[in-house]
Amino acid sequence: MTDSHPPLARLKRQIEALSPSLGDGHRGRASLGLSALDARLGGGIAKGAVHELLPCTAEDGASAAAFALMLAARLSGSAGKILWIATDAQLRRGGQPYGPGLRGLGLDPDQLILVTTPDDLACLKAASDSLACAGLAAVIIEAGETKRLDLTASRRLALAAERSGVTALLLRPGESVIASAAASRWQVASAPSVRLPGQAPGHPMLSLSLVRHRGGARPFDMMVEWNNDDRSFCEPTLLRGVSSPVERRQLAA
C-alpha cells in the first residue's frame with residue numbers, strides 16, 4: 001500500500017530514519033577468531049548492541065569479567081579505548097581490573113578507562129551517556145543486581161549502542177532473570193587449562209553457554225581457549241567432545 005499524500009510519505013520516511021530499530025547486526029559483526037564460534041553466531045558478535053554476561057556460579061564471577069575483557073579486546077583491536085563502569089559497591093565486592101592481569105589477557109592497561117559511580121542510578125546514567133561516544137570501542141557495565149536495570153533501562157542502553165555503534169558488555173549476577181533488550185545472553189564458567197612447556201600456566205579456558213540470541217542463533221555450549229598473544233579465541237586442546245557444562249565440571253573435578 002502506498003501513501004497518496006506526498007508530504008505524509010516524506011514525513012514517514014524522516015521518522016523512520018530518526019527511529020533506530022533493535023535489529024541484530026545493524027552495525028555488523030566482530031569475529032571472535034574461532035570459526036566454529038563465529039559460525040554459530042552468524043559471523044561473530046553483533047556490534048553496536050548490548051550483550052549480557054552472567055557467571056554460572058558465584059565462583060565464576062572472575063571468568064565472566066574475563067570474558068567481557070576478551071570480547072572487548074576483539075572489538076577494540078590494539079589501540080581502541082575500553083570503558084569499564086562500576087558502582088563503588090561492586091568494586092568493593094569483586095575488586096577492580098588489575099594491570100598485570102590485563103596484560104596477561106593481551107590487553108594494554110592504557111586501553112582501559114575505569115569509571116566508578118556512587119550508586120546504580122549513576123552507573124546506568126554514565127553507561128547511557130558513554131555509549132553515545134562513538135570514539136569508544138566497547139563499554140563494560142558492572143551494576144550488579146539492581147531493579148533499575150529493567151527492560152526499559154536495557155532498551156535505552158540498546159538504542160544508545162545502536163546509534164553510536166559502540167558495543168555494551170553488561171555483567172549481571174548469575175541468578176538474574178530480569179527481562180532485557182540485550183542482543184545476546186551468555187553464561188560463563190571457568191574450565192581447566194593445559195599447561196604450557198616447562199609446566200607454565202596454560203591459556204585461559206572458558207565454558208560458554210549461549211542462553212538467548214535475538215539474531216536467531218540457537219542456544220549452545222562450547223569450550224573455548226583464549227590466546228593472549230593473538231587476542232583471539234581458539235579451539236581448546238582439552239575436554240574436546242564434552243558438550244554439557246555439568247559433565248565439564250565433573251571431569252574438571
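The values are calculated or read from the model by the stated rules, or taken from the named source; none is laboratory data. Remember, predicted model here, so these are calculated numbers, not experimental data. Counting neighbours? That spans all protein chains shown, and the Cβs are built from the backbone with ideal geometry, glycine included. What goes into the accessible areas is simple: the full protein's heavy atoms, side chains included, and nothing from ligands, DNA or RNA. Shrake-Rupley method; radii C 1.70, N 1.55, O 1.52, S 1.80 Å.
Structure above, values below:
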read-out	value
Given charges at beta-carbon only (K, R positive; D, E negative), |dipole| of the stretch 111-223 in Debye	320
C-alpha center-to-center spacing [the stretch 169-222, the stretch 38-94] in angstrom	9
Percent carbon-and-sulfur accessible area, the stretch 123-197, ignoring ligands, DNA and RNA, probe 1.4 Å	54
Å² per residue, accessible surface of the stretch 51-140 at 1.4 Å	42
Loop-located chymotrypsin sites (Phe, Trp or Tyr not before Pro) in the stretch 63-125, at most 11 other Cβ atoms within 10 Å (DSSP)	Tyr98
Accessible area per residue in Å² at 1.4 Å probe, computed on the stretch 171-227	44
